[in-house]
1. Could you give me the residue pairs with C-beta distances under 9 Å whose first residue belongs to the range 46-66 and is among the acidic types (Asp, Glu), whose second residue is within 16 Å of the ligand (Cβ to nearest atom) wherever it lies, and which are 6+ apart or on separate chains?
2. Quickly run through the range 109-140 and pick out the residues that are away from the ligand (no atom under 16 Å from the Cβ) and buried (at least 21 other Cβ atoms within 10 Å of the Cβ).
3. So which of Pro106, Pro102 ends up being free of Cβ contacts under 8 Å to residues at least 24 places away in the same chain, on the phi < 0 side of the Ramachandran plot and surrounded by 13 or more Cβ atoms within 10 Å (Cβ to Cβ)?
4. Could you tell me which residue of the range 19-43 is surrounded by the most Cβ atoms within 10 Å (Cβ to Cβ), considering only residues that are touching a residue at least 40 places away in the same chain (Cβ under 8 Å) and either more than 24 Å from Leu179 (Cβ to Cβ) or polar (S, T, N, Q) (or both)?
5. Please enumerate the residues belonging to the range 1-53 that are touching a helix residue (DSSP H, G or I) at 6+ places or on another chain (Cβ under 6 Å), in a helix (DSSP H, G or I) and among the β-branched types (Val, Ile, Thr).
6. Go through the range 150-179 and give me each residue that's within 12 Å of the ligand (Cβ to nearest atom) and of a type outside the set (Asp, Glu).
7. Just to verify a result, which residue in the range 15-30, among those that are of a type outside the set (D, E, K, R) and farther than 22 Å from Arg133 by Cα, is modelled with the lowest pLDDT?
Amino acid sequence: MSARRPAVLLDRDGTLNENLPQGVTRAGEFVPIPGAFEAVGRLTAAGWPVSVITNQSGISKGIVTREIVEAVHARCRELAAAHGGRFDAFYYADDLPGSGAPRRKPRPGMILEAAADHGYDLFRSYLVGDSSRDLLAARAAGCTPVLVLTGRGREALAAEGPAPEHVFEDLAAAVDWILARRS
Ligand SMILES: [Mg+2]
């Protein structure tokens, strides 16, 4: 049995790609955030496993199809691969906001699933995202929450509640910090 490994878990919209009010509903709406996929490449080069954890309630609202969500994930894999980056897996929850569903962030279901599937040690892992839901899900799962100020990050920072401890301009800066921290 192999030892559990720390991982970097990433939110998708607002962290890897620009956030749109409705989410990405067509492949043409997918706009990478500058430096984000290059940062995934740096994580892979440093030996960090990376998975994506994303709420996609648009599926249940009927504004995006599963096929589009999966095509976007295939595009993410290509963009990361162009920088030597690799994702273990993409987890998405189609549950509606307010459903309290265990997989939908702020609940930790998808993170726990990723850990079980890939042997992640959540207590040594990070979850990087642009929303307070990401921070809450990270805390609930036992990983270190990291807020990025891309997407809705500035709103999340201004929101009430405990101030996030680790805040960075974007994913590239968050990854700089994670890599420097571990070495
Ligand atoms: Mg987001």
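The values are calculated or read from the model by the stated rules, or taken from the named source; none is laboratory data. Computed from a prediction, not measured in an experiment: that's the story for all the values here. Here the Cβ positions follow ideal geometry from the backbone for every residue, glycine too, while neighbour counts run over all protein chains shown.
1. none
2. Those that are away from the ligand (no atom under 16 Å from the Cβ) and buried (at least 21 other Cβ atoms within 10 Å of the Cβ): Ala114, Ala115, Tyr120, Leu122, Ser125.
3. Pro102
4. Checked the range 19-43; the qualifying residue surrounded by the most Cβ atoms within 10 Å (Cβ to Cβ) is Val24.
5. Residue satisfying the conditions is Val40 alone.
6. Residues satisfying the conditions are Thr150, Gly151, Arg152, Gly153, Ala156, Leu171.
7. For the range 15-30, the residue satisfying everything is Ala27.
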